[in-house]
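Take a look at the structure below.
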Amino acid sequence: MALGSPTLSDTSPKRDQEHSEKRGLRRSMEARHLVMIAMGGVIGSGLFLSSGYTIAQAGPLGAIIAYLIGAAVVYMVMACLGELAVAYPVSGAFHIYAARSIGPATGFATAWLYWLCWAVALGSEFTAAGLLMQRWFPEVDVWIWCFNFAAVLFTLNAISSRVFGESEFWFALIKVSAVIGLIVLGGAALFGFHPLAENAYPFLGENLNTPQGLFPNGITGVLITTLAVFYAFSGSELIGVAAGETANPAVNIPKAMRTTVIRLLIFFVGAITVIACTVPYEDASLEASPFVTVFSQLGIPYAADVMNFVIITALLSAGNCGLFSCARMLFSLADEGHAPKALGKLTKRGIPMLALCVSMLGGLASLVSSVVAPTTVYLVLVSIAGFATVGVWMSITASHFFHRRAFVRSGGRTADLAYKAPLFPLLPIVAFILCLISLIGIGFDPTQATALYFGIPFVAACYAYFHFKYGRTQKGRQKEQDEEQETVDAP
């Protein structure tokens, strides 16, 4: 424990709720909102577009294996996150977990890394949606769509957290229905039921073996796609970000965690299996959504256009969640004294408006990418966001490891935990190692290696800035926070 900071177990959900309400946040979201926010954050461009890149690099079978690995890592990260979120349910909580379990500098770097993740992801979601709009309006520039989409999402986030949660529930429901449709109709077609298909349709797994073999680019091809796959799963951790605005977190957070993991396993692995068995390996790329390709091959009238609309909705839904996450992370940083105080100001409806405005600036990267090179720059944005996601996941697993160890050493009993991750300490250690391997793997892909060139210096700069800006005064600040906590605890 750094600088004498308390363990997460020193704080109770009741105390955190009192502190959150004191700051002006509204605990207005239920378990169904949490689940759909997580699903909304996850099911976006990573599945609808990047899955084509994964198949092109890893091969059909390799892509399925990569997504199975991704699902396993998500389960482990979510289990760690569940224990931390129940123990300390505050808004924008990741950096607080790291600050109290590992050290304040790590918490600071984690917060800005996660902000970077979603700020960059906003650009990728807007760009992807703009590219898909050209199916109907090829004469309209992509950046125009990006600007309009940004305005819509900003408005939804600026009203209230309840409106955001409710709108995200329905947005996510649309794209979840689309994924289910792909799995059911595409799966039936692979078994021979495709009455409307005009051309020959592959049967079951005959599409898995490419002319270059089961793994056309070798095992390395699978390894270098894990970052893109992890990015596809990014957003599941939004449950932790929204913990501070959740009613009855001790009950709703674990429930949302379990439901989210099960649904992600079914939807993602099921969808990528159908896509890999249907879309020819040679045709897989970032140029078109594999979802549109599958429905077009099925021969269903107007299915491709309907699917294009659903995917655009899905992308905007993911961007909606990303903007929410960015604003809450800046708000939390300001609340901790590690960002300008103005970012911690709330409107009468409990919205951190300035933090929301600053976060929206991250989406401007989409305007640049859409003008310079929509497809190539898009992959760079995805890689940077993927690096940031994996870095945050590593922080979550490490925070859980040190939190549980400190909890037991201080005399706590794991049986008393409202929610506990299984297989400790193996689970957080394995998750951390797998995330680290994925970062090493992208060094072998020239396109994705850009994420390392940008991400590593960014993290180093965060540590350096914290040391020079806050290092000497951190002890005094920690004392002030402890005194504030004692005031909250006072009857």
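The values are calculated or read from the model by the stated rules, or taken from the named source; none is laboratory data. Worth saying up front: this structure is predicted, and the values here are computed from it rather than measured. Every residue, glycine among them, receives a Cβ derived from its backbone with ideal geometry; neighbour counts consider all protein chains shown. When the accessible area is computed, the model is the full protein with side chains, heavy atoms only, and any ligands, DNA or RNA have been set aside. Shrake-Rupley method; radii C 1.70, N 1.55, O 1.52, S 1.80 Å.
Name every residue in the range 278-308 that is closer than 18 Å to ILE65 by Cα and open to solvent by less than 10 Å² (accessible area, probe 1.4 Å), in order of residue number.
Listed by number, the residues that qualify are THR278, VAL279, PRO290.
Looking only at residues in the range 426-463 that are open to solvent by 20 Å² or more (accessible area, probe 1.4 Å) and part of a loop (DSSP other than H, G, I, E, B), which one is modelled with the highest pLDDT? Before you say what the answer is, go through the steps one by one.
We begin by selecting, within the range 426-463, every residue open to solvent by 20 Å² or more (accessible area, probe 1.4 Å); these are 426, 429-430, 432-434, 436-437, 439-440, 443-444, 446-447, 450, 452-454, 456-461, 463.
When the remaining residues are screened for being part of a loop (DSSP other than H, G, I, E, B), the result is 446-447.
On the way: PRO446: 77, THR447: 71.
For the range 426-463, the residue satisfying everything is PRO446.
Check whether at least one residue in the range 371-382 is surrounded by fewer than 20 Cβ atoms within 10 Å (Cβ to Cβ) and either at pLDDT 90 or above or not in a helix (DSSP H, G or I) (or both), and report yes or no.
The answer is yes; a qualifying residue exists.
Given the condition within 30 Å of LEU214 (Cα to Cα) and in contact (Cβ under 8 Å) with a residue 40 or more places away in the chain, answer yes or no: does some residue in the range 117-132 qualify?
Going residue by residue through the range 117-132, those that are within 30 Å of LEU214 (Cα to Cα) are 128.
Keeping just the survivors that are in contact (Cβ under 8 Å) with a residue 40 or more places away in the chain gives 128.
Taking every residue of the range 117-132 in turn, at least one turns out to be within 30 Å of LEU214 (Cα to Cα) and in contact (Cβ under 8 Å) with a residue 40 or more places away in the chain.
Which one of the conditions (1) out of contact with any helix residue (DSSP H, G or I) (no Cβ under 7 Å at 6 or more places or on another chain); (2) crowded, with 24+ Cβ neighbours inside 10 Å does ALA121 fail to meet, given that it meets all the rest?
Status for ALA121: all satisfied but (1).
Just checking, which of SER101, SER51, SER91 is surrounded by 24 or more Cβ atoms within 10 Å (Cβ to Cβ) and either touching a Pro at 6+ places or on another chain (Cβ under 7 Å) or at pLDDT 90 or above (or both)? Talk me through it step by step, then tell me what you get.
Values: SER101 fails: either touching a Pro at 6+ places or on another chain (Cβ under 7 Å) or at pLDDT 90 or above (or both); SER91 fails: either touching a Pro at 6+ places or on another chain (Cβ under 7 Å) or at pLDDT 90 or above (or both).
After ruling out the rest, the residue left standing is SER51.
Between residues in the range 250-275 that are within 19 Å of LEU84 (Cβ to Cβ) and part of a helix (DSSP H, G or I) and residues that are modelled with pLDDT under 85 and open to solvent by 50 Å² or more (accessible area, probe 1.4 Å), which pairs lie under 6 Å by C-beta distance while being six or more apart or on different chains?
Here the result reads ALA250/ALA418, each pair linking the range 250-275 to a residue that is modelled with pLDDT under 85 and open to solvent by 50 Å² or more (accessible area, probe 1.4 Å).
Regarding the range 242-251, can at least one residue be identified that is open to solvent by 10 Å² or more (accessible area, probe 1.4 Å), at pLDDT 80 or above and of a type in the set (S, T, N, Q)? Write out each step before concluding.
Of the range 242-251, the ones open to solvent by 10 Å² or more (accessible area, probe 1.4 Å) are 247-248, 250-251.
From what is left, the residues that are at pLDDT 80 or above are none.
There is no residue in the range 242-251 that is open to solvent by 10 Å² or more (accessible area, probe 1.4 Å), at pLDDT 80 or above and of a type in the set (S, T, N, Q).
Being open to solvent by 40 Å² or more (accessible area, probe 1.4 Å), at pLDDT 80 or above, not in a helix (DSSP H, G or I) and not hydroxyl-bearing (Ser, Thr, Tyr) is the requirement here; does LEU423 meet it?
Details: open to solvent by 40 Å² or more (accessible area, probe 1.4 Å): yes; at pLDDT 80 or above: yes; not in a helix (DSSP H, G or I): yes; not hydroxyl-bearing (Ser, Thr, Tyr): yes.
When the stated conditions are applied, LEU423 passes them.
Looking only at the range 143-177, count how many residues are open to solvent by 10 Å² or more (accessible area, probe 1.4 Å) and either of a type in the set (A, V, I, L, M, F, W, C) or modelled with pLDDT of 80 or more (or both). Please lay out each step first, then the result.
Within the range 143-177, the first condition is being open to solvent by 10 Å² or more (accessible area, probe 1.4 Å), and the residues that meet it are 143-145, 147-152, 154-156, 158-160, 162-163, 166-167, 169-171, 173-174, 176-177.
Filter once more, so that each one left must be either of a type in the set (A, V, I, L, M, F, W, C) or modelled with pLDDT of 80 or more (or both): 143-145, 147-152, 154-156, 158-159, 163, 169-171, 173-174, 176-177.
Result for the range 143-177: 22.
Quick one: how many residues across the range 131-142 are modelled with pLDDT of 85 or more and open to solvent by less than 60 Å² (accessible area, probe 1.4 Å)?
Residues flagged as modelled with pLDDT of 85 or more and open to solvent by less than 60 Å² (accessible area, probe 1.4 Å) within the range 131-142 amount to 2.
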